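Asker: Below is one structure. I have some questions about it.
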Amino acid sequence: MPLMPVLSYLLLALGLSWLVALPFRMPTYWPTHLVAFSVEALAVLAALALVPALRGKRARHLAAALAALVTVLALGDLMVRLALNRPLNLALDLPLIRALHDLAIGSFGLWGGLAALLGLFLLPVAAYGLVLRAARSVQRLGRHPGVKAVALLLALTGVTVQTLQRERPDYFGTYWPASTSAGVALVSQWTQYRELQTSEPAFRAAEAEDSLQDIPRNRLLAGLKGADVLLGFVESYGESALTNPLYAPRITARLERFAATAEAAGLQAVSGWLVAPMAGGQSWLAHASVLSGLTIDSQQRYDLLTTGNRRTLERYFAKAGYRTIAYEPAITRPWPAGGFFGFDATLTAGEMGYAGPAYGWKTMPDQYTLHRFEQDERRLPPGGRPPVFAKFSLIDSHAPFTPLAPLVEDWERLGDGSLFRDLPREGGDPEALWQDTGRIRLAYAVALDRALAVLQAYAARHADDRTLLILLGDHQPPGFIAGDTGSRAVPVHVLSGDPALLRPFLDWDFRPGMIPDPAAPRRPMAAFRDFLVDSFSPLDDRRIAQDRTAPVELDAARQSN
């Protein structure tokens with residue numbers, strides 16, 4: 001038996017099967033896991049060597065196309081798991097390509113970002129070319145009887161080892177050398193696609209169920225007594241900020257200072273938890289879940305929501321006589337879906353009059369966003385204007401977490417934000433930062449601390465007994481920052497100078513202070529819309545009168561954190 005053809009085939013088969021399996025084993029704490037061999041690749045190469053009908057050009061190109069597709073799935077799954085803490089769903093995640101482009105450019109600059117994206121694009125192209133050449137060699141080598149025997153033996157060995165791994169998981173200990181992840185990925189994407197085609201009827205049925213629409217207009221949100229309601233989503237603020245030892249000391253200390261500042265300003269605070277429908281990114285899904293009262297955990301469900309007729313939270317506020325407005329500094333392109341939500345006004349980045357510099361991906365500091373709202377909507381006292389329901393997307397703690405705008409102590413100086421041009425940026429270069437996981441985690445903690453410091457200063461300056469300020473995280477940070485946690489919970493802080501406005505949150509298992517009880521119930525974000533509207537829509541006119549006159553003090557027995 002000629003030795004060289006057999007050795008050539010062995011090198012090709014083992015090398016290619018290792019390359020196919022490798023992306024599915026990353027990242028890992030066990031280096032030995034990276035030495036694995038794809039059973040599917042061994043089977044395809046054996047077929048090319050053994051079956052005469054598969055020795056033509058068409059079979060080579062088909063094998064190369066499959067390799068390129070598997071590369072796309074492997075890379076996509078790896079990035080989605082790292083960023084969003086979930087597997088890839090190709091049918092839903094294709095729209096994220098634009099978000100990936102924006103984040104790459106914002107993090108690494110135009111040319112650095114384009115180079116990174118080009119590298120990602122070239123990987124499946126390289127896989128196609130490599131497998132095409134290898135398939136041609138395998139077809140040629142397959143004419144040798146010894147190669148045919150080795151090809152069949154390798155394929156059978158891979159199948160046998162995979163069977164043993166499945167039936168006897170303890171046989172190989174912590175090292176599983178056979179991988180069928182490529183086949184599983186292909187089947188999984190097809191299955192998810194088929195499931196998506198049948199999900200719309202169930203979503204539309206859930207969308208149509210809405211008990212809030214029966215609340216009479218004169219009782220709708222009457223328990224708020226005309227107070228302004230401000231809803232701020234804090235980027236990447238999840239439970240890990242309060243539990244991971246890398247962040248908890250700093251963030252807990254910040255929340256304690258926040259509570260002291262609020263108390264000095266005549267405010268009281270209560271805190272609890274909500275559970276986001278996702279983790280790591282796609283903030284708009286969390287926002288949509290809170291506003292719609294439906295669990296929006298994928299782009300498909302978001303698209304279904306924004307093409308339907310669900311009455312969202314701000315529409316109920318509008319029906320109750322509120323002016324509704326959204327501040328969306330992260331939106332830099334036309335936003336057709338924005339019309340669905342029904343705010344009286346939606347200000348995106350280009351409409352907020354900001355004349356200062358961008359901070360990497362972040363178009364403007366949160367401090368400017370909040371200042372602009374106060375200048376636009378609350379310069380008149382409550383009696384001279386309708387009450388306001390405002391929704392903010394707060395982005396200071398968005399990746400890549402640096403650079404940061406300095407906190408301006410005198411808010412009157414903010415103007416159109418042009419003063420930030422003359423103030424030094426804080427934090428390092430994101431290109432260097434993102435080469436070191438430890439530095440990324442530190443930058444995250446610093447950025448989140450800054451975001452909360454801005455809100456601390458804002459609450460002390462602008463919240464009062466005619467304000468209900470609700471601050472909540474949108475989702476956990478990416479997995480490599482959050483750590484080994486399956487939690488999707490986010491903190492929720494509610495502040496007001498009127499204790500009566502906080503009573504429903506206490507009844508919903510929140511507790512006084514700025515630090516949530518770790519053992520408190522964790523309800524889904526989708527529950528928030530109905531809770532808020534129901535809680536502040538009294539069942540009778542007598543209750544409305546009581547709420548307007550009765551003093552309420554937070555239960556002293558529940559004051560401790």
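The values are calculated or read from the model by the stated rules, or taken from the named source; none is laboratory data. Everything numeric here is computed off the predicted structure, so don't read it as measured data. FYI the Cβ positions are ideal-geometry reconstructions off the backbone, even for glycines, and counts take in every protein chain you see. Only protein heavy atoms, including side chains, enter the accessible area calculation; ligands, DNA and RNA are left aside. Shrake-Rupley method; radii C 1.70, N 1.55, O 1.52, S 1.80 Å.
Asker: Calculate the spin-label point distance for L7 paired with L94, positioning each point 7 Å from the Cα along the beta-carbon direction, and give it in nanometres.
Answerer: 4.7
Asker: Between the DSSP loop rule and a limit of at most 15 other Cβ atoms within 10 Å, which GluC sites (Glu not before Pro) in segment 278-387 are left?
Answerer: none
Asker: Which loop GluC sites (Glu not before Pro) in segment 168-232, with loop taken from DSSP, have no more than 16 other Cβ atoms within 10 angstrom of their Cβ?
Answerer: Qualifying residues, ordered by number: E209.
Asker: Could I ask something else about it? Take the alpha-carbon centre of segment 323-355, take the same for segment 446-482, and report the distance between them in whole Å.
Answerer: 20
Asker: Hey, rough spin-label estimate for K148 and W111, points 7 angstrom out along Cα→Cβ, what's it come to in nanometres?
Answerer: 5.7
Asker: With the crude spin-label approximation of a point 7 Å out along Cα→Cβ, what separation in nm comes out for L246 versus L196?
Answerer: 3.2
Asker: Arrange the peptides 137-145, 427-435 so that the one whose residues have, on average, the most other Cβ atoms within 10 Å appears first.
Answerer: Highest-to-lowest ranking by the protection proxy: 137-145, 427-435.
Asker: Taking Rh as the Kirkwood radius computed over C-alpha pairs, what is the Stokes-Einstein D of segment 374-447 at 20 °C in a medium of viscosity 1.002 mPa s, expressed in µm² per second?
Answerer: 141
Asker: Return the FRET efficiency for the residue pair T32, A432: r is the Cβ-Cβ distance, R0 is 41 Å, and the value is rounded to the nearest 0.05.
Answerer: Efficiency computed from Cβ-Cβ geometry: 0.85.
Asker: I would also like to ask the following. So what is the 222 nm mean residue ellipticity for the chain from helices alone, if each DSSP H run of at least 4 adds -39500 (n - 2.57) and you divide by all residues, rounding to the nearest 500 deg cm²/dmol?
Answerer: That calculation yields -15500 deg cm²/dmol at 222 nm.
Asker: Using only the Cα atoms of segment 325-418, what are the Rg and Dmax in Å?
Answerer: My reading of the Cα-based Rg and Dmax gives 13.8, 42 Å.
Asker: Tilt of helix 181-197 relative to the longest C-alpha principal axis of the chain, in degrees (0 to 90, nearest 10)?
Answerer: That helix lies at roughly 50 degrees to the long axis.
Asker: Roughly how many percent of the accessible protein surface of the chain is carbon and sulfur, given a 1.4 Å probe and a whole-percent answer?
Answerer: 60
Asker: For the chain, what proportion of DSSP beta bridges, expressed in % and rounded to the nearest 5, is antiparallel?
Answerer: Just about 40 percent of them are antiparallel.
Asker: Using 0.36 nm times the number of residues separating A264 and D465, minus their current alpha carbon distance, what extension gain do you get?
Answerer: Values: separation 201, 0.36 × 201 = 72.36 nm, distance 1.36 nm.
Gain on extension, A264 to D465, equals 71.0 nm.
Asker: Another question, then. Once the piece of chain linking F121 and H61 is laid out straight, how much longer is it, given 0.36 nm per residue of separation minus the C-alpha distance between them?
Answerer: Residue separation times 0.36 nm, minus the Cα-Cα distance, leaves 19.7 nm.
Asker: Turning to a different aspect of this structure: Arrange the residues Y354, Y359 by how much accessible surface each exposes, largest first, with a 1.4 angstrom probe.
Answerer: Y354, Y359
Asker: Note the full-extension length gain between E256 and V51 as 0.36 nm times their separation in residues minus their Cα-Cα distance, in nm to one decimal. Show your work: numbers first, answer last.
Answerer: On the way: separation 205, 0.36 × 205 = 73.80 nm, distance 7.11 nm.
The E256-V51 span can extend by a further 66.7 nm.
Asker: Along the charge dipole of the chain, which of P387, P145, P403 sits closest to the positive end, that is, farthest toward it, with unit charges on the beta carbon of Lys, Arg, Asp and Glu (+1, +1, -1, -1)?
Answerer: Positive-most Cα among the choices belongs to P145.
Asker: Pull out a ≥ b ≥ c, the square roots of the eigenvalues of the alpha-carbon gyration tensor of segment 215-297, then state rounded if a/c is under 1.5, prolate if not and a/b is larger than b/c, and oblate in the remaining case.
Answerer: Taking the square roots of the gyration eigenvalues as a ≥ b ≥ c, segment 215-297 is oblate.
Asker: Could you work out the mean projected area of the convex hull around the alpha carbons of the chain, in square nanometres to one decimal?
Answerer: 29.6
Asker: Would you please name the trypsin sites (Lys or Arg not before Pro) within segment 343-435 that are DSSP coil residues with at most 10 other C-beta atoms within 10 Å of their C-beta?
Answerer: Listed in order of number, the matching sites are R379.
Asker: Once segment 181-254 is represented by equal point scatterers at the alpha-carbon sites, with solvent omitted, what log10 I(q)/I(0) does the Debye formula produce at q = 0.13 Å⁻¹?
Answerer: So the normalised log intensities are -0.93.
Asker: Quick check: from the Cα gyration tensor, does segment 417-514 come out rounded (a/c under 1.5), prolate or oblate?
Answerer: oblate
Asker: Helix 96-141: angle to the longest alpha-carbon principal axis of the chain, degrees 0 to 90, nearest 10?
Answerer: Taking the Cα atoms of the chain, the angle to 96-141 is about 20 degrees.
Asker: If you don't mind, another one. With unit charges on the beta carbons (Lys and Arg positive, Asp and Glu negative) and the dipole taken about the Cα centre of the chain, which residue among L468, G223, A41 sits farthest to the positive side?
Answerer: About the Cα centre, the residue reaching furthest to the positive side is A41.
Asker: On to the next question. Among A178, P336, A74, pick out the residue whose Cα is farthest towards the positive end of the charge dipole of the chain, where Lys and Arg carry +1 and Asp and Glu carry -1 on C-beta, about the Cα centre.
Answerer: A178
Asker: May I pose another question? On a 0 to 90° scale, report how tilted helix 437-462 is relative to the longest principal axis of the chain, with both axes built from alpha carbons and the result rounded to the nearest 10.
Answerer: Once rounded, the angle reads 20 degrees.
Asker: In Å², and per residue, what accessible area does the chain have when probed at 1.4 Å with the other protein chains present?
Answerer: Accessible area per residue, the chain: 45 Å².
Asker: Size of the dipole of segment 449-549 about the Cα centre, Lys and Arg at +1 and Asp and Glu at -1 on the beta carbon, nothing else charged, in debye to 20?
Answerer: My answer is approximately 100 debye.
Asker: Could you please state, rounded to a whole Å, how far the C-alpha centre of segment 223-280 is from the C-alpha centre of segment 410-427?
Answerer: 25
Asker: How big is the charge dipole of the chain about its Cα centre, in debye rounded to the nearest 20, if each Lys and Arg gets +1 on its Cβ and each Asp and Glu gets -1 on its Cβ? Before the final figure, lay out each step's value.
Answerer: Numbers: 54 positive and 53 negative charges, 484 e Å.
So the magnitude is around 2320 debye.
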